[in-house]
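Undergrad: Sharing a structure, written as structure tokens. Questions coming.
The values are calculated or read from the model by the stated rules, or taken from the named source; none is laboratory data. As the structure is a computational prediction, the values presented were derived from the model and not from experiment. All Cβ positions, glycine included, derive from the backbone under ideal geometry; neighbour counts span all protein chains shown. Keep in mind that these areas ignore ligands, DNA and RNA; they rest on the heavy atoms of the full protein, side chains included. Shrake-Rupley method; radii C 1.70, N 1.55, O 1.52, S 1.80 Å.
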Amino acid sequence: MKKLYKAYPESDERAVNCLAWLLRLTETGTPLHWRILAKFVPSPADPSSWKSHVDRIVELNTAYSERVKEAEDRIESDSDLDEEDGAEERYLSRMDAGLFTLQMTDTVIAFVAEEEQVRERVEQRLKRKGRSLADVCSELAEYIATKRSDTLTAPATTTDNAKDLSALLLEL
């Protein structure tokens, strides 16, 4: 039987985006926030199901990271643009390759990695793929910087979300 998420990869992007925003928009420590996080943390009732959820989010993270890296390499090899156009072209190419979904998986990882046991699992899985939690943090920092640069034209909630993510990044 073919896995549905392999047949419809855009559903992964939507699910990760929804999950990241649910985690960002619910207040930390509230029952709703914990209910969302419960899918990723060990529980006495079902001690092993959380591992598959963590593994899947790390799998998505590494897949999108590879896609973005390939897009960067492609742009670097074709680079005959000037500095300003090259930066914009590079950014758009990375977005087309899945940069936003990568940043959303980074957001989910940042939230779930607050739990020590989950953090160890995430680090272990990332290490197997040649990545680290530092890579996730740097990508998340880039996302925060991008959001902050858009604050002149964005509503106040964007600024608040960037501050919330900054605080989360400092905890990692």
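Undergrad: List pairs: first in segment 9-30 and farther than 19 Å from Val58 by Cβ, second open to solvent by 50 Å² or more (accessible area, probe 1.4 Å) and basic (Lys, Arg), Cβ under 9 Å, 6+ apart or cross-chain?
TA: Matching pairs, first to second residue: Thr26/Arg35.
Undergrad: Every residue in segment 41-58 that is without any contact (Cβ under 8 Å) to a residue 24 or more places away in the chain and either under 15 Å from Ala15 (Cβ atoms) or in contact with a Cys (Cβ under 8 Å, 6 or more places away or on another chain) (or both), please.
TA: Here is the first cut: in segment 41-58, the residues without any contact (Cβ under 8 Å) to a residue 24 or more places away in the chain are 43-49, 52-53, 56.
Answer for segment 41-58, where residues must be without any contact (Cβ under 8 Å) to a residue 24 or more places away in the chain and either under 15 Å from Ala15 (Cβ atoms) or in contact with a Cys (Cβ under 8 Å, 6 or more places away or on another chain) (or both): Ser52, His53, Arg56.
Undergrad: Continuing with the same structure: If I ask for residues that are open to solvent by 30 Å² or more (accessible area, probe 1.4 Å) and among the polar types (S, T, N, Q), which ones from segment 6-65 would you list? Write out each step before concluding.
TA: Initially, segment 6-65 is screened for residues open to solvent by 30 Å² or more (accessible area, probe 1.4 Å), giving 6-11, 13-15, 17-19, 21-22, 25, 27-32, 34-35, 38-39, 42-49, 51-53, 55-56, 59, 63.
Ser11, Asn17, Thr28, Thr30, Ser43, Ser48, Ser49, Ser52 - these are the residues of segment 6-65 that are open to solvent by 30 Å² or more (accessible area, probe 1.4 Å) and among the polar types (S, T, N, Q).
Undergrad: Quick check on my filter: what residues within segment 104-130 are assigned to a loop (DSSP other than H, G, I, E, B) and either open to solvent by 30 Å² or more (accessible area, probe 1.4 Å) or modelled with pLDDT under 90 (or both)? Outline the logic, then answer.
TA: So in segment 104-130, the residues assigned to a loop (DSSP other than H, G, I, E, B) come out as 113-115, 129-130.
Answer for segment 104-130, where residues must be assigned to a loop (DSSP other than H, G, I, E, B) and either open to solvent by 30 Å² or more (accessible area, probe 1.4 Å) or modelled with pLDDT under 90 (or both): Glu114, Glu115, Lys129, Gly130.
Undergrad: OK, next. Being in a helix (DSSP H, G or I), open to solvent by 80 Å² or more (accessible area, probe 1.4 Å) and over 30 Å from Pro47 (Cβ atoms) is the requirement here; does Arg90 meet it? Lay out the reasoning, then the answer.
TA: Numbers: in a helix (DSSP H, G or I): yes; open to solvent by 80 Å² or more (accessible area, probe 1.4 Å): yes; over 30 Å from Pro47 (Cβ atoms): yes.
Here the answer is yes, as Arg90 does meet what is asked.
Undergrad: Can you say whether Asp73 is open to solvent by 40 Å² or more (accessible area, probe 1.4 Å) and either modelled with pLDDT under 85 or in contact with a helix residue (DSSP H, G or I) (Cβ under 7 Å, 6 or more places away or on another chain) (or both), as far as the supplied structure shows?
TA: Working: open to solvent by 40 Å² or more (accessible area, probe 1.4 Å): yes; either modelled with pLDDT under 85 or in contact with a helix residue (DSSP H, G or I) (Cβ under 7 Å, 6 or more places away or on another chain) (or both): no.
Spelling it out, it is not the case that Asp73 is open to solvent by 40 Å² or more (accessible area, probe 1.4 Å) and either modelled with pLDDT under 85 or in contact with a helix residue (DSSP H, G or I) (Cβ under 7 Å, 6 or more places away or on another chain) (or both).
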